[in-house]
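Working notes, beginning with the structure itself.
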Amino acid sequence: MDMGLSGRTAVVTGASRGIGLAVVKALIGEGMRVVAAARTITPELKETGAVPVTADLSTAAGPGAVIDRALSELGEIDLLVNNVGGGDASDEAFGFLSLSDEQWRQLYDLNFLSAVRATRAAVPSLIRRHGTVINISSTSAHTPSGGPVHYATAKAALTALSKALAEEFGPQGVRVTTVSPGATRTSLWEDPGRYGAALAAAHGVDLDAFLAGLPSGTGMTTGRFVEPEEVASLVTWLASPHAASVTGADFLIDGGAVKTV
């Protein structure tokens, strides 16, 4: 299916790996011009043909600087994908009582306020172009007991933000949607020293064994991780004219893990 995106422009945050990198590749494959922002520009991102922009999106100035660079490179913005998020190491804590104010602030800066700041900077251009915002949230927003509480609540705030923005800017031609992946095959789960490894250690099993049982253990009826390319395909469709009447909606792509209506 031709997505009708050729010649349009996009900004993708958190673009160096995982879902962000897959989204960049998918959009470029549809003929879009893409500014791709990340703290570290990986060789894989350079190879996509996107315009790479180094930025710390967790800072107050970082997202706005990315949008400014995108406007200078692209002229106008048709699509903003707020993908940056997550946390590092073991998220440093698993329980509410072990989280400091600084840990809360860091997670909210990265997972929520980065999208607030990038969207605020991009909205004037998006209005002119009747553009689209797609926020990458998480199933943790629906089942907050399934992840670190500061991460889950930040993603819930992001999902709520999408609803509010869709209502406010829809009359001006801007669509806003949310994509909420379940456990996705990324370095967050697979790399030693990151969240998956910390969870495995907390359960007293090695990482490979933990990952093998995770999909079924979390209720994913498909029995496997979501692939980043699957998320990217959904993002591409939502960005396209085929989804012209879709706004304010939250799309789960979770292998059936969330059981509620």
> In segment 7-47, which residues are within 22 Å of Ser125 (Cβ to Cβ) and among the polar types (S, T, N, Q)?
Replying inline: Thr9, Thr13
>> Can you list the strands (runs of 3 or more DSSP E) lying wholly within segment 16-109 that have 3 or more residues being over 26 Å from Gly182 (Cα atoms) and in contact (Cβ under 8 Å) with a residue 12 or more places away in the chain?
In response: 51-54
> Yes or no: Ala93 at pLDDT below 95, more than 14 Å from the chain's Cα centre (by Cα) and of a type outside the set (Ser, Thr, Tyr)?
Replying inline: yes
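Residues are listed down the side, and each one gets a yes or a no for (1) touching a residue at least 40 places away in the same chain (Cβ under 8 Å); (2) surrounded by fewer than 16 Cβ atoms within 10 Å (Cβ to Cβ); (3) closer than 17 Å to Val258 by Cα:
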residue: Val176; (1), (2), (3): yes, no, no
residue: Asp191; (1), (2), (3): no, yes, no
residue: Arg194; (1), (2), (3): yes, no, no
residue: Val226; (1), (2), (3): yes, no, yes
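Determine which member of the set Ile77, Ile41, Ile67, Ile19 is in contact with a strand residue (DSSP E or B) (Cβ under 9 Å, 6 or more places away or on another chain) and surrounded by fewer than 18 Cβ atoms within 10 Å (Cβ to Cβ). Reasoning before the result, please.
On the way: Ile77 fails: surrounded by fewer than 18 Cβ atoms within 10 Å (Cβ to Cβ); Ile67 fails: surrounded by fewer than 18 Cβ atoms within 10 Å (Cβ to Cβ); Ile19 fails: surrounded by fewer than 18 Cβ atoms within 10 Å (Cβ to Cβ).
Criteria check complete, one pass: Ile41.
Would you point out which residue out of Thr222, Thr236 is out of contact with any Cys (no Cβ under 9 Å at 6 or more places or on another chain), more than 30 Å from Ser125 (Cβ to Cβ), among the hydroxyl-bearing types (Ser, Thr, Tyr) and not in a strand (DSSP E or B)? Full working, then the answer.
Numbers: Thr236 fails: more than 30 Å from Ser125 (Cβ to Cβ).
After applying the criteria, what remains is Thr222.
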> Right, Ala121: surrounded by fewer than 23 Cβ atoms within 10 Å (Cβ to Cβ) and without any contact (Cβ under 8 Å) to a residue 12 or more places away in the chain or not?
Replying inline: no
> Looking at this structure, is Ser216 surrounded by fewer than 19 Cβ atoms within 10 Å (Cβ to Cβ), of a type in the set (Gly, Ala, Ser), closer than 18 Å to Arg175 by Cβ and free of Cβ contacts under 8 Å to residues at least 40 places away in the same chain?
Replying inline: no
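Quick one: how many residues across segment 118-153 are more than 30 Å from Ala202 (Cα to Cα) and touching a Leu at 6+ places or on another chain (Cβ under 8 Å)?
Taking segment 118-153 as the starting set, the residues that turn out to be more than 30 Å from Ala202 (Cα to Cα) are 118-135.
Going one step further and asking which of them are touching a Leu at 6+ places or on another chain (Cβ under 8 Å), we end up with 118-119, 122, 125-126, 131-135.
Here the count works out to 10.
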> Does Leu126 satisfy being part of a helix (DSSP H, G or I), surrounded by fewer than 22 Cβ atoms within 10 Å (Cβ to Cβ), in contact with a strand residue (DSSP E or B) (Cβ under 8 Å, 6 or more places away or on another chain) and free of Cβ contacts under 8 Å to residues at least 60 places away in the same chain?
Replying inline: no
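The values are calculated or read from the model by the stated rules, or taken from the named source; none is laboratory data. Quick caveat: nothing in here was measured; it's all calculated off a predicted structure. Because the Cβ atoms are built from the backbone with ideal geometry, glycine has one as well, and the counts that use them run over all protein chains shown.
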